[in-house]
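Undergrad: To start, I am sharing the structure in question, which I have written as structure tokens.
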Amino acid sequence: MSFIKKVYQSSPYQLKQGAKWVYTLLPIHLRYKRDFFKMSAWLEQSQWWSLEKLEEYQNERLRVLIQHVYNNVPYYHRLFRRLGLSPSDIKTIQDLPKIPILTKEVLRNQSRDLLANNFDEKALVYLSTSGTTGQPVGIYSEKRLEYSDGDPFWRRHYQWGGCSLTDRIAKLTASTIQPKINGTRRLFSYNPVRNLLILSAYDLNRKNIGQYAIALDKYQPEFINGFPSALETMVRYFKDNSISKPVHLKAIFTQSEMLYPWQRNLIENYFGCEIYDWYGMEERVVCASECEKHAGHHLFSEFSIVEFIKDGKPVVGEEGEIIATRLDNYAMPLIRYCTRDIGVQLQKKCDCGRNLPLMKIVGGRDRNFAVTKTGGLISVTIIDVPKSGNIEQFQFVQEEKGVMTLRIVKKEIFSEDDLKLINKNLFEKFGDMMAVRIEFVDKISLTARGKLPLLIQRLNIDEN
């Protein structure tokens with residue numbers, strides 16, 4: 001199989017496409033691993049479990065995980081010995097605070113000692129975060145957990161939005177597309193195996209936008225999955241160029257970035273359907289998504305144990321750091337991992353009837369908060385889009401306490417009146433707490449993974 005995979009990967013684009021069409025002749029149950037369907041069926045049942053049964057399941061998996069790390073993971077074995085703990089001391093979720101929080105710095109600096117010594121590295125896959133803070137973090141996951149089309153948790157997220165395994169989806173994320181023979185970049189590609197239209201998030205601009213409309217019109221996907229910033233940009237270009245809705249979508253799925261209210265309104269109003277937002281991270285220690293009620297993000301309790309910590313204590317109903325323990329990655333177990341994201345565990349139960357806990361995402365401390373002159377933190381969620389319709393793109397950058405730079409890509413019709421309106425709007429938001437310098441640029445670059453962060457935070461938030 002490895003030889004066949006190498007031949008396929010080195011083949012020209014057209015030959016790859018032909019191979020994919022041949023592969024689609026296989027029945028759907030042969031194209032996915034048996035475990036995929038088994039796990040998906042189980043998740044269909046577990047989402048309706050009682051809170052007591054969900055917690056009982058978490059406790060059972062936690063005990064197995066703790067015994068495993070004590071026996072096989074050098075970092076945790078030393079940690080337990082130093083703290084005078086034994087596996088029998090961690091029996092339930094309530095015992096977890098006996099274990100110190102695992103930071104990104106520890107993960108980065110002691111990654112080898114966090115690897116279980118009873119795993120062959122051939123059975124592992126290496127994953128790396130996008131490094132928003134300039135310092136990417138790498139982890140290892142078990143290959144058995146890497147499914148051929150995402151994982152069953154993703155599929156359940158899709159199902160909540162009405163999307164089945166065989167429905168056609170468009171994707172506007174960080175997917176790379178093989179260039180043409182002459183080196184010209186492709187703006188889109190169709191994968192018949194996954195019934196997936198792949199749109200380049202890197203090439204969205206006013207000049208190319210008509211090609212995106214043509215691709216959507218040609219393939220008519222029923223759903224689209226994308227970064228909020230990329231979907232927002234595409235819709236703005238469609239509207240600015242008077243391109244009518246090229247496709248009739250049933251639902252939209254967003255991921256990987258904060259979804260701001262104005263983005264949701266713009267995208268939903270244009271396409272005439274609802275957004276189902278997903279929360280997760282490359283470390284894969286937590287995942288959550290919106291159901292059809294959109295009352296918050298359901299935490300997937302079967303996947304991980306999630307705590308909300310403020311000043312070292314658990315909190316409910318108020319903002320806290322999201323601390324997560326994944327229950328099934330034995331290759332590199334991350335116990336009480338500090339995600340550096342901020343959320344609120346909601347106290348209400350969702351009207352959908354599921355007992356999976358609800359949370360609200362506030363943001364990430366290292367990238368979603370601005371620091372005022374006095375050292376206070378302002379959530380980026382209140383830093384709305386500047387009130388001018390003549391802006392192509394914008395982004396805040398902070399390198400100094402109490403000072404931010406607002407980068408703006410102007411449209412040709414941008415005027416002095418627009419500038420006055422933006423300055424007025426900024427003063428209404430920040431007053432004397434923050435000085436904002438405006439810098440006009442020709443282009444705002446995406447991250448290596450095709451994202452467009454609203455705020456580039458270069459200060460160490462923990463020092464403020």
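The values are calculated or read from the model by the stated rules, or taken from the named source; none is laboratory data. Just so we're clear, the structure is a prediction, and the values are computed from it rather than from any experiment. Here the Cβ positions follow ideal geometry from the backbone for every residue, glycine too, while neighbour counts run over all protein chains shown.
Undergrad: Looking only at residues that are in contact with an Asp or Glu (Cβ under 7 Å, 6 or more places away or on another chain), assigned to a strand (DSSP E or B) and not charged (D, E, K, R) in the range 267-288, which one is surrounded by the most Cβ atoms within 10 Å (Cβ to Cβ)?
TA: Restricting to residues being in contact with an Asp or Glu (Cβ under 7 Å, 6 or more places away or on another chain), assigned to a strand (DSSP E or B) and not charged (D, E, K, R), the top hit is TYR276.
Undergrad: Go through the range 428-445 and report how many residues are at pLDDT below 85 and surrounded by fewer than 11 Cβ atoms within 10 Å (Cβ to Cβ).
TA: The number of residues fulfilling the criteria is 4.
Undergrad: Please enumerate the residues belonging to the range 328-342 that are more than 13 Å from LEU107 (Cβ to Cβ) and either assigned to a strand (DSSP E or B) or at pLDDT 95 or above (or both).
TA: Within the range 328-342, ASP341, ILE342 qualify.
Undergrad: Moving to a separate point now. Please count how many residues of the range 343-368 are modelled with pLDDT under 90, surrounded by 22 or more Cβ atoms within 10 Å (Cβ to Cβ) and in contact with a Lys or Arg (Cβ under 9 Å, 6 or more places away or on another chain).
TA: Selection size over the range 343-368: 1.
Undergrad: I'd like the full set of residues that are in contact (Cβ under 8 Å) with a residue 40 or more places away in the chain, under 25 Å from LYS349 (Cβ atoms) and basic (Lys, Arg), limited to the range 240-297.
TA: LYS293 - this is the single residue of the range 240-297 that is in contact (Cβ under 8 Å) with a residue 40 or more places away in the chain, under 25 Å from LYS349 (Cβ atoms) and basic (Lys, Arg).
Undergrad: For SER256, indicate whether it is buried (at least 19 other Cβ atoms within 10 Å of the Cβ), modelled with pLDDT under 95, of a type in the set (Ser, Thr, Tyr) and assigned to a loop (DSSP other than H, G, I, E, B).
TA: Yes, satisfied.
Undergrad: Shifting gears a bit: What residue, among those in the range 47-103 that are closer than 26 Å to CYS350 by Cα and among the acidic types (Asp, Glu), is surrounded by the fewest Cβ atoms within 10 Å (Cβ to Cβ)?
TA: The extreme case among them is GLU52.
Undergrad: Continuing with the same structure: Answer yes or no as to whether SER445 is free of Cβ contacts under 8 Å to residues at least 40 places away in the same chain, of a type in the set (S, T, N, Q), farther than 29 Å from GLY375 by Cα and out of contact with any Gly (no Cβ under 6 Å at 6 or more places or on another chain).
TA: For SER445, the condition - free of Cβ contacts under 8 Å to residues at least 40 places away in the same chain, of a type in the set (S, T, N, Q), farther than 29 Å from GLY375 by Cα and out of contact with any Gly (no Cβ under 6 Å at 6 or more places or on another chain) - is not met.
Undergrad: Of the numbered conditions (1) surrounded by fewer than 22 Cβ atoms within 10 Å (Cβ to Cβ); (2) part of a strand (DSSP E or B); (3) among the polar types (S, T, N, Q), THR325 fails exactly one; give the number of that condition.
TA: (1)
Undergrad: So TYR126 clears everything in (1) free of Cβ contacts under 8 Å to residues at least 24 places away in the same chain; (2) under 22 Å from GLU283 (Cβ atoms); (3) of a type outside the set (Lys, Arg); (4) assigned to a helix (DSSP H, G or I) except one condition, right? Which one?
TA: Checking TYR126 against (1) free of Cβ contacts under 8 Å to residues at least 24 places away in the same chain; (2) under 22 Å from GLU283 (Cβ atoms); (3) of a type outside the set (Lys, Arg); (4) assigned to a helix (DSSP H, G or I), the one that fails is (4).
Undergrad: Hey, ALA41 hits all of (1) in a loop (DSSP other than H, G, I, E, B); (2) loosely packed, with under 13 Cβ neighbours inside 10 Å; (3) of a type in the set (A, V, I, L, M, F, W, C) but one; which does it fall short on?
TA: Of (1) in a loop (DSSP other than H, G, I, E, B); (2) loosely packed, with under 13 Cβ neighbours inside 10 Å; (3) of a type in the set (A, V, I, L, M, F, W, C), only one is false for ALA41: (1).
Undergrad: Could you please let me know if ASN208 is polar (S, T, N, Q) and within 25 Å of the chain's Cα centre (by Cα)?
TA: Against the criterion (polar (S, T, N, Q) and within 25 Å of the chain's Cα centre (by Cα)), ASN208 does not qualify.
Undergrad: Sort out which residues of the range 114-129 are modelled with pLDDT of 80 or more and among the β-branched types (Val, Ile, Thr), and write them in order of number.
TA: Selection gives VAL125 alone.
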